[in-house]
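I have placed the structure first, in the form of structure tokens, so that the comments after it can refer back to it.
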Amino acid sequence: MNMNSGYKFLIISGLLLALGLTVFALAGYLEQPGAWERQWFGWINHPQGWSLVDSFAILFRTPGTWLPIYALLLLWVFRSKVERPFNLILVLVVSVALSDQVSSSLIKPLVQRDRPCRHPLTAAECQIRVTCGSGYGFVSSHAANHFALAWALGWALRARWGKAGLWIGSVWAGLVCIAQIRVGVHFPGDVLVGALIGLFCASVALLLRREG
């Protein structure tokens, strides 16, 4: 990886994350979701009778769906002529481990914002399509982890894939985020800031992938 571009990615993603957290803190969104969040949540979560959409939403967020996909990606890394495959695997593991720890072990217990399926402002109208889940909702670990993996892999292999890998990975991670809102376990802000955490953690992990 070109280190100049890597440091630029680190700085930009870090600034975006800092900006996002600052805006949420100053606006009081860390205590409770803003009106815009509740409205966007309603647009995505409340409509009923979309059985096919609900099936896909549950499918996208289920480990049984994305674990085999990621396993095939790892297999492809080893079978293709990717430079230093073990280093790439290390980058991917570090990016996901870091994003998961930051989101689940640091921010969630620190902020303690409830999920929409149990938040006093939204629980009554929330259409819960899966188990509500334990713990807090801000931020979404699904969003953080999927964006971390998508951008770590896509950025590391830009020379081979161009921007296509980043676009495809972002679309996939974005669908997972929308699914989290649709099933009723996250507000839009949960997945938005979670995605920013994923980008930042990917940029940190990518510092391990230097030119040979």
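For segment 104-115, check the following and say yes or no: at least one residue is without any contact (Cβ under 8 Å) to a residue 60 or more places away in the chain, surrounded by 17 or more Cβ atoms within 10 Å (Cβ to Cβ), acidic (Asp, Glu) and out of contact with any Phe, Trp or Tyr (no Cβ under 7 Å at 6 or more places or on another chain).
no
Looking only at segment 45-58, filter to residues that are in contact (Cβ under 8 Å) with a residue 60 or more places away in the chain and among the hydrophobic types (A, V, I, L, M, F, W, C); which one of those is surrounded by the most Cβ atoms within 10 Å (Cβ to Cβ)?
Ala57
For segment 130-167, how many residues are in contact with a Gly (Cβ under 6 Å, 6 or more places away or on another chain) and either on the phi > 0 side of the Ramachandran plot or in contact (Cβ under 8 Å) with a residue 40 or more places away in the chain (or both)?
8
Could you grab me the full set of residues in segment 36-56 that are assigned to a helix (DSSP H, G or I), modelled with pLDDT under 95 and of a type in the set (A, V, I, L, M, F, W, C)?
Matches in segment 36-56: Leu52, Val53, Phe56.
Please list, ordered by first then second residue, the pairs with beta carbon atoms under 8 Å, 6 or more apart or interchain, first in segment 66-82 and over 17 Å from Val171 (Cα atoms) and in contact (Cβ under 8 Å) with a residue 24 or more places away in the chain, second surrounded by 10 or more Cβ atoms within 10 Å (Cβ to Cβ) and among the charged types (D, E, K, R).
Matching pairs, first to second residue: Val82/Arg160.
Name the residues in segment 154-201 that are aromatic (Phe, Trp, Tyr) and surrounded by 19 or more Cβ atoms within 10 Å (Cβ to Cβ), would you?
Of everything in segment 154-201, those that are aromatic (Phe, Trp, Tyr) and surrounded by 19 or more Cβ atoms within 10 Å (Cβ to Cβ) turn out to be Trp155, Phe187, Phe200.
Does segment 171-178 contain any residue that is under 15 Å from the mean Cα position of the chain (by Cα), on the phi < 0 side of the Ramachandran plot, in a helix (DSSP H, G or I) and without any contact (Cβ under 8 Å) to a residue 24 or more places away in the chain?
The answer is yes; a qualifying residue exists.
Can you name every residue in segment 14-30 that is surrounded by 12 or more Cβ atoms within 10 Å (Cβ to Cβ) and not in a helix (DSSP H, G or I)?
Result: Ala27, Tyr29, Leu30.
Please give the number of the condition Val204 fails out of (1) assigned to a helix (DSSP H, G or I); (2) buried (at least 23 other Cβ atoms within 10 Å of the Cβ).
(2)
Scan segment 145-159 and give yes if some residue there is more than 22 Å from Gly14 (Cα to Cα) and at pLDDT below 95, otherwise no.
The first filter runs over segment 145-159 and keeps only residues more than 22 Å from Gly14 (Cα to Cα), leaving 159.
Checking the rest, the ones that are also at pLDDT below 95 come to 159.
Yes, some residue in segment 145-159 is more than 22 Å from Gly14 (Cα to Cα) and at pLDDT below 95.
Run Ile107 past the list (1) among the hydrophobic types (A, V, I, L, M, F, W, C); (2) modelled with pLDDT of 95 or more; (3) not in a helix (DSSP H, G or I) and report the number of the one that doesn't hold.
(3)
Could you list all residues from segment 156-170 that are under 18 Å from Leu207 (Cα atoms), assigned to a helix (DSSP H, G or I) and over 16 Å from the mean Cα position of the chain (by Cα)?
Ala156, Arg158, Ala159
Evaluate segment 128-141: report whether one residue or more is surrounded by fewer than 17 Cβ atoms within 10 Å (Cβ to Cβ), farther than 27 Å from Phe78 by Cα and β-branched (Val, Ile, Thr).
Checking segment 128-141: at least one residue is surrounded by fewer than 17 Cβ atoms within 10 Å (Cβ to Cβ), farther than 27 Å from Phe78 by Cα and β-branched (Val, Ile, Thr).
The values are calculated or read from the model by the stated rules, or taken from the named source; none is laboratory data. A quick note: this is a predicted structure, and the numbers were derived from the prediction, not measured. Here the Cβ is made from the backbone with ideal geometry for all residues, glycine too, and neighbour counts use every protein chain on show.
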